[in-house]
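Data first, discussion second: the structure below is written as structure tokens.
The values are calculated or read from the model by the stated rules, or taken from the named source; none is laboratory data. Since we're looking at a predicted model, the values are computed, not measured. Heads up, the Cβs are rebuilt from the backbone with ideal geometry, glycines too, and the neighbour counts pull from every protein chain shown.
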Amino acid sequence: MKNYISIQNLTKFYNNKFKALDNLSLNIEKGEIFALLGPNGAGKSTLINIICGITNLSEGTIKVDNYDIKKDFRKTRSKIGIVPQELNLEAFENVWSNVLYSRGLYGKSINKATDISYIEGLLKELSLWDKRKNKLRELSGGMKRRVLIAKALSHEPSILFLDEPSASVDVELRKDMWNIVKKLKSKGVTIILTTHYIEEAEELADKVAVINQGKIIIVEEKNELIKKLGQKKLIIEIQEKIDDLPVIFKEHNIELNTLNNQLTYIYDTKKERTGITTVLNLIKDEGLNLKDITTEKSSLESIFINLLKDANR
């Protein structure tokens with residue numbers, strides 16, 4: 001795959017001299033789902049707004065499909081759709097006219113049969129067809145989120161920015177959103193996702209970037225990131241009831257869950273010696289009998305937290 005969005009040495013100063021982005025470089029490939037993670041104030045929204053032409057950059061260059069966002073802004077803007085986090089919609093418009101109007105704003109025809117057919121198909125795919133005559137104020141939060149996606153896709157962009165796409169929706173609707181994103185990817189749409197739900201990035205993303213204080217900490221394929229930085233948890237269930245751990249167990253960072261009568265030990269998969277043998281020998285020396293042993297992989301969330309801790313030291 002080729003780089004579809006290329007960001008080089010991007011810096012953004014605001015009027016108060018605050019540096020929101022600091023010499024940031026990043027490449028996003030065509031057709032991938034790219035998750036941008038970071039704490040509040042890390043620079044995620046500033047980066048998206050600059051790429052989308054909403055905010056001006058201070059230094060650096062950004063190219064979309066080899067077009068410069070400043071020199072060729074009409075071409076780059078036509079390739080991009082953005083779904084904002086806020087549910088700002090015209091309350092008394094109906095769904096159909098609102099989405100059709102958004103298409104017209106980008107200079108796309110709205111009178112041909114092919115145009116009408118495209119909007120009809122879009123609303124059906126987003127489960128909005130039955131709501132097409134409803135006023136926007138009559139819709140639930142989840143339905144309004146779908147309308148925002150329809151508006152963003154109304155001009156047939158090849159890039160879609162999703163800023164917290166499942167914010168303020170319930171678990172069922174969140175899963176529906178995930179399915180919508182996966183369908184868009186299957187059609188070749190490049191998707192850049194910001195989210196506070198780490199499991200959302202873990203479910204959807206091909207690649208993950210972590211941003212903090214305006215700088216990119218790491219960019220990596222999601223599966224490779226988990227593999228490289230991941231830890232595993234060894235969970236050992238003991239037959240005998242344990243009320244307190246021997247001191248030597250605590251010295252080896254073994255923890256006790258008295259509720260489930262389990263010992264837990266976290267180890268680094270990258271190290272040559274994991275310490276598992278030592279843990280099992282300690283259990284044997286204490287005369288404890290094993291009931292069950294399982295392992296759990298670390299999640300993207302735990303990796304994200306550890307990366308931020310390291311960056312802030």
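Before moving on, here are some points about what is shown:
- Residues being within 16 Å of Lys241 (Cα to Cα) and free of Cβ contacts under 8 Å to residues at least 12 places away in the same chain - total across the stretch 276-294: 2
- The residue list Asp115, Asp65 contains one member that is outside the structural domain of Leu21 (by TED's automatic domain parsing), under 20 Å from His155 (Cβ atoms) and not basic (Lys, Arg), which is Asp115.
- Candidate set: the stretch 225-277, residues that are within 30 Å of Glu203 (Cβ to Cβ), among the basic types (Lys, Arg) and out of contact with any Leu (no Cβ under 9 Å at 6 or more places or on another chain); chosen: the one modelled with the highest pLDDT: Lys233
- Residue within the stretch 1-13 that is buried (at least 22 other Cβ atoms within 10 Å of the Cβ) and within 19 Å of the chain's Cα centre (by Cα) present: yes
- Some residue of the stretch 163-181 being among the small types (Gly, Ala, Ser) and in a helix (DSSP H, G or I): no
- Checking the stated criteria, Ile191 turns out to be outside any helix (DSSP H, G or I), out of contact with any Phe, Trp or Tyr (no Cβ under 6 Å at 6 or more places or on another chain), outside the structural domain of Leu126 (by TED's automatic domain parsing) and under 30 Å from Met143 (Cβ atoms).
- Filtered by the rule that a residue be more than 25 Å from Met143 (Cα to Cα), of a type in the set (S, T, N, Q) and assigned to a loop (DSSP other than H, G, I, E, B), the stretch 52-99 gives Thr55, Asn56, Ser58, Asn66.
- Residues within the stretch 203-224 that are in a helix (DSSP H, G or I) and modelled with pLDDT under 90, tallied: 4
- Odd one out for Trp96, checked against (1) in the same structural domain as Tyr4 (by TED's automatic domain parsing); (2) surrounded by 13 or more Cβ atoms within 10 Å (Cβ to Cβ); (3) not aliphatic (A, V, I, L, M): (1)
- Annotation note: of Lys215, Lys182, the sole residue that is more than 24 Å from Gly43 (Cβ to Cβ) and in the same structural domain as Gly60 (by TED's automatic domain parsing) is Lys182.
- When residues of the stretch 100-120 are limited to those that are in contact with a Phe, Trp or Tyr (Cβ under 9 Å, 6 or more places away or on another chain) and in a helix (DSSP H, G or I), the one surrounded by the most Cβ atoms within 10 Å (Cβ to Cβ): Arg103
- For the stretch 188-214, a residue qualifies if it is surrounded by fewer than 16 Cβ atoms within 10 Å (Cβ to Cβ) and more than 9 Å from the chain's Cα centre (by Cα), and exactly one does: Gly188.
- For the stretch 133-155, taking the residues that are part of a loop (DSSP other than H, G, I, E, B) and loosely packed, with under 15 Cβ neighbours inside 10 Å, the one that is nearest to the chain's Cα centre (by Cα) is identified as Ser140.
- The residues listed here are Ile248, Ile254; of these, the one that is outside the structural domain of Leu37 (by TED's automatic domain parsing), within 29 Å of Ile198 (Cα to Cα) and not hydroxyl-bearing (Ser, Thr, Tyr) is Ile254.
- Residues satisfying the stated conditions in the stretch 121-131, i.e. surrounded by fewer than 17 Cβ atoms within 10 Å (Cβ to Cβ) and either in contact with a Leu (Cβ under 8 Å, 6 or more places away or on another chain) or under 16 Å from Asp176 (Cα atoms) (or both): Lys124, Ser127, Trp129
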